[in-house]
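The values are calculated or read from the model by the stated rules, or taken from the named source; none is laboratory data. Here the structure is a predicted model, which is why all the values come from computation and not from measurement. When we count neighbours, we look across all protein chains shown, and the Cβ atoms used for this are built from the backbone with ideal geometry, even at glycine. Ligands, DNA and RNA are excluded from the accessible area calculation, which covers all protein heavy atoms including side chains. Shrake-Rupley method; radii C 1.70, N 1.55, O 1.52, S 1.80 Å.
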Amino acid sequence: MKKAYFSKRIYKNTLPTVYLDAISHSLLLFNRAKHFAFQTQVVEKRSGKSKRDKSLHLTVKNRFEMNDYYTNSVVQEANALMKSQSELKKMYIS
C-alpha cells in the first residue's frame, strides 16, 4: 500500500463561502442548460422540425450567457444523452 503525502482533494469546509456559491451556481447553470438542450432536441425530434433559427450551441450560449467551453460541454452531453436514449430504445424494441 502506498502512502499519499500530497493530496489535491479540496474540502468544502475549507473553502470560503464565495467560492462555494460560485461552484454551486456553475453546477446549477450547467445542469439547467443541459436539460434545456436535451429537451430542445427531444421536441425537435418528435415534431420533425426546428423552432430555432440558430444552432443549438448558439441558442444555449445566448440563453444561459455561458462561454464556449461550457456551451460545448452542454451540447456534447445532451447529444450523448440523446444517442444513449436512442440506443436504449433499440434494445428495448428488440
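Here are the numbers for the structure shown:
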| item | result |
| --- | --- |
| Residues satisfying the stated conditions in the stretch 24-50, i.e. under 17 Å from the mean Cα position of the chain (by Cα), among the polar types (S, T, N, Q) and loosely packed, with under 12 Cβ neighbours inside 10 Å | Ser24, Gln39 |
| Conditions (1) farther than 18 Å from His25 by Cα; (2) open to solvent by less than 70 Å² (accessible area, probe 1.4 Å): number failed by Lys61 | (1) |
| All positions within the stretch 1-23 that are open to solvent by 70 Å² or more (accessible area, probe 1.4 Å) and either at pLDDT 95 or above or part of a helix (DSSP H, G or I) (or both) | Lys12, Asn13, Thr14, Thr17, Val18, Tyr19, Asp21, Ile23 |
| Any hit, the stretch 50-70, residues being touching a residue at least 12 places away in the same chain (Cβ under 8 Å), among the aliphatic types (A, V, I, L, M) and outside any loop (DSSP other than H, G, I, E, B) | yes |
| Residue selected from the stretch 82-94 under the condition open to solvent by 70 Å² or more (accessible area, probe 1.4 Å) and in a helix (DSSP H, G or I), by the criterion modelled with the highest pLDDT | Lys83 |
